[in-house]
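The values are calculated or read from the model by the stated rules, or taken from the named source; none is laboratory data. These numbers come from a predicted model, not from an experiment. Quick reminder, even Gly has a Cβ in these numbers, built from the backbone with ideal geometry, and neighbours come from all protein chains shown.
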Amino acid sequence: MSHFIDRRLNGKNKSAVNRQRFIKRYKTQLKRAVADAVNKRSITDIDSGEQVGIPSKDISEPVFHHGQGGTRDQVHPGNKDFMAGDKVPRPEGGGGGGAGQGKAGRGGKGEDDFIFDLSREEFMDLLFDDLELPNLVRNQLIGSTEFKSVRAGYRTSGAPNNIDVVRSLKGAIARRTALGAPHRRRIKEIEAELEGLLALGVAEDDPRVLALRDELDRARTRIAALPFIDTFDLRYQSFVQLPEPTSKAVMVCIMDVSGSMDQARKNLAKRFFILLYLFLKRNYDRIEVVFIRHHTIAQEVDEQEFFYSRETGGTVVSSALNLAYDVLRERYDSSVWNIYAAQASDGDNWDSDSVVCRDLLAEKLLPLMRYFAYVEITPRQHQSLWYAYQEIAGAHRHFAMREIAGPEDIFPVFRDLFKRQPA
Amino acid sequence: MSSRIISDSSEWTFPLLERFDREIGHLAHNVFGLDTYANQIEVIGSEQMIDAYSSVGLPINYNHWSFGKQFVSTEQTYRRGQMGLAYEIVINSDPCISYLMEENTLTMQALVIAHACYGHNSFFKGNYLFRTWTSADAIIDYLVFARKYIASCEERYGQAEVELLLDSCHALMNHGVDRYKRPSPITMAEEQRRQAERADYIQSQVNDLWRTIPSFGDDDAPDADARWPAEPQENLLYFIEKNAPLLEPWQREVVRIVRKVSQYFYPQRQTQVMNEGWATFWHYTLLNRLYEEGFVNDGFMLEFLQSHTGVVFQPNFDAPYYSGINPYALGFAMMGDIRRICESPTAEDREWFPDIAGGDWRKVLDFAMRNFKDESFIAQYLSPKLIRDLHLFAVRDDDRAEAIEITAIHEERGYRTVRQALAEQYNLGSREPNIQVFNVDRRGDRSLTLRHYRHNRRPLGESVDEMLRHIRRLWGFTVRLEGVDDNGRVQLLGEL
C-alpha cells in the first residue's frame, strides 16, 4: 500500500538554476548593494562573501489586492472584556493583523530589505563585473610565447613518474597470455592423454605416465617463469608542449605615505589598492604586482609591508617614479610585458618636484606603459602635482586621473578607471 | 503488553517507518474507514526540503526567478533559525507523495505519516473541490510536460522573453481560475498532441475574431457597439489565452500552463482550515489510538503532544505574535467539536445541530469533509460552544467611522453574526478583489476594459499601475481598469 523511497542521496541543488536566475535578474540592484558593502568593510576582510540587502519593493511580484479603506469585518479570538456595540479606537498599523496579514514577507520581515547571502565568488563576480585592464595586448603579438603541457597519448619510453599503471598492466596480461599459450595447450593435451591412460588401467608407475607427468611439470614451470611485468610492457603518458598565448602584465602600485597623508587618507589609499590587487588577482592569472611606497625616498616593498607598515616622512614624488622606472627597466621589458601603474597621493609634493614628475612621466614612463592611473585623495584644493599631471592627461590618452574625497568615492572611481572599454 | 511497543528509541529506520505506516494504515483504513490514495513516502534532507518549498511544494516545476527568490528567502530564514521547516510537504497526486525530513525523530515521522499520508491524503481524495478541480493522477505528468515545454520555449525564443511572459502570467495567477467549468483530466502524451492542435486552431480563431475584411450581408452591423464578451469573464488568463490578439501560439500555451497550475492550487486555497483541521484531527486520533493499543510508550506520546499543542496553539488577538486565526487550531477544534456533538450532545447542540447531534461521528465527519469548503464548513458547523471556547468576537472597521466597532461577541445574540463574519473571512470571492473582463473594443482600438466590482467599498491596493503593465504586455493594446462601487457608479482607475 505504502511505498518508501530514500531520496536523500538525490541532488540537493534543484533550486540552483532558479537562484542563478534571480541573481541575474537583479544584478543591477545587487551590484549597487555590493558596492555599498565594500565601502563599509574593513580593509582586512574585503574579499569575503557577504550578506547584502536589496529593497523588497524592487523584487516584489504584484497581484491585485485590496487596499486600505472601506468596511471590513474581522473575527478575532481571545475576547476578554469587549461587549457587543463597544467602540474601540483604531489600533496603529491595521488592527492586529487585519487586512495586511499575509502581505508581509515570509518570515515577517515586511518592508525590510530582502537579504541575500552571496558566496565569496559571487560577491567578487559582481564587484568586478565589466572591469578590465585597458589596452591589454596578447603577448603572442609581441613575439614571446608561453608553453603549456598537453596530453598526447602514450609512448614506450619516459620518466618513471609518467608510467601509466593500468596501461602497463594490461600489456603485461596480454604478453603473459600470449607467451604462455603454447604451454597451456600442451598441458591440456598431456592431461587428456594421462586421463586416457589411467582410464585404461595403466599403473601410476608406468614409464609412459611418468614421462607425461614429467613433461607436465616442465610446462607448468615454463608458465610460472613468465615475468609478471617486463620492461617491454611499460607505457608512459606522453605530453607535448603547445605554445600558448598569454598576456604577461605587471602593475606598479605607487603609494604616498608621507606625513601629510594622515591615517584616514592612508586608509583610503590602501582601500583603493586592495581593490585593485583583488581585481588583478581575480581576473588575471599571471600578473605581477610591484609595490612601491614613498615619502622623501621610495622603496620597493612586499605586499605585507605595503599595506601594513607605518613608516612616514616628507614628500618627494619623483623618487617613486624614478624607482618605478628603474624596476621596469631592470625586470620588465616593455616589449614582453604589459605595464600598468596606479599612483595614489594627496597631491602634496615638494614644490619644484611636480615639474620633475611631469617630465619623468611624459618622457620615460608613459612610453613604456599601457595605462597609468592617478588618484588624488584630497577633499581640499588641488596642489601643484594635480596641475602638473593635468598637462599630461591632455596629451596622453592612456593617462587617467581622478579624485577621491571620501570612502564613498573609492569604488565608483575604481570602476570608472577600469571599466571595460567598448571595443 | 509492553511487547507490542514498536520502538522506544527516537532514531528512525526504514523498517520502523514501515512498521508505523502499517499500524497507522491499518487503523485508518479498517478502524476509522478513511479512503486514501496509495502513499509514496520519500525521505529527504533539509536542503531538499527547502528546494521543495521553493517550487511551491511541487516535486517538479518549470524554472523561474521567483522560485529562486523563494528559495533564497526560505534558506535565509532557516539558516538564521527564525523558522523551522515544516515537518512535511504532501502533494495532491495519485499516488500521494509525502516528504519526510531526515532530521526528524521517529515520533515526528510517525506524526507526519498519520497527518500527511492518511489525513491530507484522504482529504485530497474525498473533498469535492479536489475531486472537481484537480486530477491527482495527471498532475505530475502535466508538470513534466510544462517544464519541458517552457524549457523548449526558452531555447527557441530566449529566456528573457519567456521570463517576461511568465512574470505577467504569475501576476494574474489568482485570476486564472475557472470557478464553474470542470476541467477534464488528461495525460501528458495527450496534452502534447492536443497542444499542437490547439496552437493551430486558436491562432486561426483569434485571427477570425479580429478579421477586418467586411463580409457581405453583414447582419451584425447594427449592434456594432454591443459589448463583447456579452457576459463579463472572471477568468482573465483564460480570456487572454483565447482572445489576446497578438500572442504567439507558444505564448498562449505558456499562459495556459500558468492557468492550469493556478487551477490546481485553487482548492487548496479554499480549504486551508478544513484540510489542516482534518489532517490534524486524524493524526491526533490515530496516534492516541496507537497509544491505547500499546504500540507506543509514554515518551512517544509526550513528544507527540508537545509538538501537537505547538501546532494547534492559538494566540489571543492582543498577543504580540498574533497574526490572525491559526487554521490548524480552528480546523482541529471544529473537527473535534463535531465529534463531541455526535458523541455527547448538549441541549444547545440538539437545538443548533438537530441533524447530527447524537449521530455516528465518523459518518458526519466524512460527510463534512467531502462536501464543504472553508466558508461553508464554518457557516455550517461552527458551534456556539466553540465560539465561547475561543472567545471569538467580530469587529467592523469602517474607514468612515472614528473608531472600530465590536459587532458581536460570544453570547446568545452574537453567535450567528460571529459565525457569518468568520465564514465570510474565508470566502475567496470577497478576500480577493473581484475583477472581470467587461468589454473589448473589437471595431475600434482593440482596447480591453476590466472592471473591479467593489465590495464594502474596499478599494484596490497600490499595485494597480504595475498590474496594468502586466496585462497590457499580454493583451498588446490599451488596457483600462474601471471601478464599480456598491451603487453601480463607474470610475476609471487606470489606463495604459
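Considering the conditions (1) within 14 Å of another protein chain (Cβ to nearest Cβ); (2) surrounded by fewer than 24 Cβ atoms within 10 Å (Cβ to Cβ), B:Trp133 is excluded by exactly one of them, (1).
Scanning region B:398-448 for residues that are among the hydrophobic types (A, V, I, L, M, F, W, C) and buried (at least 20 other Cβ atoms within 10 Å of the Cβ) yields B:Ile404, B:Ile406, B:Ala408, B:Ile409, B:Val418, B:Ala421, B:Leu422, B:Ile435, B:Val437, B:Phe438, B:Val440, B:Leu448.
Would you confirm, using the coordinates I've provided, whether A:Phe228 is within 30 Å of A:Arg185 (Cβ to Cβ), of a type outside the set (Val, Ile, Thr) and surrounded by fewer than 19 Cβ atoms within 10 Å (Cβ to Cβ)? Yes, satisfied. The residue pairs whose first member lies in region A:216-231 and is more than 15 Å from A:Ala178 (Cβ to Cβ), whose second member is among the polar types (S, T, N, Q) and surrounded by 14 or more Cβ atoms within 10 Å (Cβ to Cβ), and whose beta carbons are closer than 6 Å, counting only pairs six or more residues apart or on different chains, do not exist in this structure. Among all residues of region B:70-88, there is none that is away from every other protein chain (no Cβ under 12 Å), surrounded by fewer than 21 Cβ atoms within 10 Å (Cβ to Cβ) and at pLDDT 85 or above.
The requirement of being of a type in the set (A, V, I, L, M, F, W, C) and not in a helix (DSSP H, G or I) is satisfied by A:Val290.
Could you please let me know if A:Ala373 is assigned to a strand (DSSP E or B), assigned by TED's automatic domain parsing to the domain that holds A:Val257 and either within 25 Å of A:Arg420 (Cβ to Cβ) or among the hydroxyl-bearing types (Ser, Thr, Tyr) (or both)? When the stated conditions are applied, A:Ala373 passes them. Within region B:283-314, work out how many residues are buried (at least 22 other Cβ atoms within 10 Å of the Cβ) and in a loop (DSSP other than H, G, I, E, B). Number satisfying all stated conditions: 1. B:Gln109 versus (1) in contact with a Phe, Trp or Tyr (Cβ under 6 Å, 6 or more places away or on another chain); (2) part of a loop (DSSP other than H, G, I, E, B): which is the lone unmet condition? The one condition B:Gln109 does not meet is (2). Of everything in region B:438-468 that is of a type in the set (Val, Ile, Thr) and out of contact with any Asp or Glu (no Cβ under 8 Å at 6 or more places or on another chain), the residue that is nearest to the other protein chains (Cβ to nearest Cβ) is B:Val464. Taking the conditions (1) among the small types (Gly, Ala, Ser); (2) modelled with pLDDT of 85 or more; (3) assigned to a loop (DSSP other than H, G, I, E, B) in turn, B:Ser98 satisfies each one other than (3). If you go through region B:3-45 and keep only what is of a type in the set (A, V, I, L, M), over 16 Å from B:Tyr291 (Cβ atoms) and under 30 Å from the mean Cα position of the chain (by Cα), you end up with B:Leu17, B:Leu34, B:Ala38, B:Ile41, B:Val43, B:Ile44.
Residue by residue, here is whether (1) modelled with pLDDT of 90 or more; (2) of a type in the set (A, V, I, L, M, F, W, C); (3) assigned to a loop (DSSP other than H, G, I, E, B) holds:
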{"site": "B:Ala226", "(1), (2), (3)": "no, yes, yes"}
{"site": "B:Val255", "(1), (2), (3)": "yes, yes, no"}
{"site": "B:Tyr264", "(1), (2), (3)": "no, no, no"}
{"site": "B:Trp278", "(1), (2), (3)": "yes, yes, no"}
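The condition of being modelled with pLDDT under 80 and either part of a loop (DSSP other than H, G, I, E, B) or within 7 Å of chain B (Cβ to nearest Cβ) (or both) does not hold for A:Asp81. Scanning region B:396-418 for any residue that is more than 10 Å from chain A (Cβ to nearest Cβ) and of a type in the set (Gly, Ala, Ser) turns up nothing. Of the residues making up region B:25-60, those that are part of a helix (DSSP H, G or I), hydrophobic (A, V, I, L, M, F, W, C) and crowded, with 19+ Cβ neighbours inside 10 Å number 5. All conditions in (1) outside any loop (DSSP other than H, G, I, E, B); (2) within 7 Å of chain A (Cβ to nearest Cβ) hold for B:Asn63, with the sole exception of (1). If you filter region B:6-24 down to residues that are in a helix (DSSP H, G or I) and of a type in the set (A, V, I, L, M), you find that the one that is nearest to B:Gly45 (Cα to Cα) is B:Leu17. Looking across region B:315-345 at every residue that is surrounded by fewer than 18 Cβ atoms within 10 Å (Cβ to Cβ), of a type in the set (S, T, N, Q) and within 14 Å of chain A (Cβ to nearest Cβ), the one that is nearest to B:Gln109 (Cα to Cα) is identified as B:Ser323.
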